[in-house]
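The values are calculated or read from the model by the stated rules, or taken from the named source; none is laboratory data. As the structure is a computational prediction, the values presented were derived from the model and not from experiment. Cβ coordinates were reconstructed from backbone atoms using ideal geometry, including for glycine residues, and neighbour counts include every protein chain displayed. To get the accessible areas, we keep the full protein, side chains included, count just its heavy atoms, and leave off ligands, DNA and RNA. Shrake-Rupley method; radii C 1.70, N 1.55, O 1.52, S 1.80 Å.
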Amino acid sequence: MKTESLDAPEAPLLRVSGLTKHFPTGRSLLRRRTGAVRAVDGVDLTVGAGQSIGLVGESGCGKSTTGRLITRLLEPSAGTIAYRGRDITHASRRELAPIRAQIQMIFQDPYSSLNPRHTIGTILRAPLDVNDIDPPGGRERRIGELLETVGLNPEHRNRFPHEFSGGQRQRIGIARALAAGPSLIVADEPVSALDVSIQAQVINLLGDLRRDLGIAFVFIAHDLAVVRHFCDRVMVMYLGRVVESADRDSLYERAHHPYTHALLSAVPGATGPDGTRLERIRLSGDVPSPIDPPSGCRFRTRCHKAQDVCATTEPPLITLEGRPGHEVACHFPEPVKTQPVRTTGPVRRRSVDRGTVATLAPATAGQSPPTGKAAHP
């Protein structure tokens, strides 16, 4: 294990390379592994100080597993995770101890992520006790400050989780993540389990914390409108792999991967420049099993542009010519000429669709081009 200083100034806050996680699915009579769920397969990402990276994609694409690997709640099968230049991929529990406080996680379910037998004060005190942190003024004062930071009354520290609403519980989860003073927070769909009336409040709270405290985020979400509002850079995942990665404006205004176009077309209320509703791109077939993903391009079984080469050769994630920082893994990426997407107002959906009250800034809807490799600008 490398021993570079955690404060190496030239290193990014987090650098992940070739991150892989395979879950064994069974064993034969000879106790040999017979298969594996390829949940994450070769993910690369870099997070700078104060930056927010969004991970989007359908359920089962590997977003949450990636987040748990970054926080070392799961052991990677392959690849490297470096925090401030220090390799923590296979660090022991003792070696991870000084880093745990700096990398925290906000869990998706505000109901199951809090211990129902502990008061809120006890829950918020735990990170301080575990990391042996003695803040100025004492730990009780720090607990009161954390509750005020997330918009809750410090006098509620003696209450139990069941006495709070879902939005308030998620605020408590955010306060717990802030307790140890982290530099990086992995937010695993922090608003998907909340009512649409309070989603915007939580997102705005996270934005304020990022601006005021300089905390970096790896933000995992299904909702593209929320990601557009919160993240600097967006990575689109499909079956454990990143298929497109770009800064926020570049991806929403000029997406190139057919899968990204399909996701953007599903945003409720999205309209073109003339005010007409954009045509929904409906993907045919089901998502393939991660136990036995398709050969070549994993998206080819649902892609309208798939050709023979897509079945035999897996497209690498490469930077497009003339588009620095915009990476696409596709043999036949969509052409540059796309129309910006607008929404006419706040989007409200039923909870089964993971609704949002955020308004989508200009985005992109794909037009089906003729078959053939698109020329890049």
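Here are a few things to note about the model shown:
- Counting only strands (runs of 3 or more DSSP E) that sit completely within the range 1-70, those holding 3 or more residues that are at pLDDT below 95 correspond to 14-27, 33-47.
- Residue in the range 84-92 that is surrounded by fewer than 15 Cβ atoms within 10 Å (Cβ to Cβ), under 27 Å from the mean Cα position of the chain (by Cα), over 19 Å from residue 179 (Cα atoms) and not acidic (Asp, Glu) present: yes
- A Cβ distance below 8 Å, combined with a sequence gap of six or more or placement on separate chains, defines the contacts here; from the range 296-311, residues that are on the phi > 0 side of the Ramachandran plot and free of Cβ contacts under 8 Å to residues at least 60 places away in the same chain reach residues that are open to solvent by 20 Å² or more (accessible area, probe 1.4 Å) and β-branched (Val, Ile, Thr) in the pairs 296/309; 296/312; 296/313.
- Residue list for the range 145-166, restricted to those being surrounded by fewer than 18 Cβ atoms within 10 Å (Cβ to Cβ) and part of a helix (DSSP H, G or I): 145, 148, 149, 154, 155, 156, 158, 162, 163, 166
- Candidates are the residues of the range 296-338 that are of a type in the set (D, E, K, R) and open to solvent by 30 Å² or more (accessible area, probe 1.4 Å); the one that is nearest to residue 23 (Cα to Cα) is 314.
- Test result for residue 185, aliphatic (A, V, I, L, M) and touching a strand residue (DSSP E or B) at 6+ places or on another chain (Cβ under 9 Å): yes
- Residue in the range 69-79 that is of a type in the set (Asp, Glu), under 19 Å from residue 246 (Cβ atoms), more than 12 Å from the chain's Cα centre (by Cα) and open to solvent by 20 Å² or more (accessible area, probe 1.4 Å) present: no
- The range 120-171, residues that are among the polar types (S, T, N, Q) and either closer than 24 Å to residue 197 by Cβ or under 30 Å from the mean Cα position of the chain (by Cα) (or both): 122, 131, 149, 153, 165, 168, 170
- Strands (runs of 3 or more DSSP E) lying entirely in the range 195-295 (those with 2 or more residues that are open to solvent by less than 40 Å² (accessible area, probe 1.4 Å) and touching an Asp or Glu at 6+ places or on another chain (Cβ under 8 Å)): 233-238, 241-247
- Checked against the criteria, residue 125 does not count as under 28 Å from residue 224 (Cβ atoms) and in a helix (DSSP H, G or I).
- Single condition residue 104 does not satisfy, out of (1) buried (at least 17 other Cβ atoms within 10 Å of the Cβ); (2) in contact with a Ser or Thr (Cβ under 7 Å, 6 or more places away or on another chain); (3) in a strand (DSSP E or B): (2)
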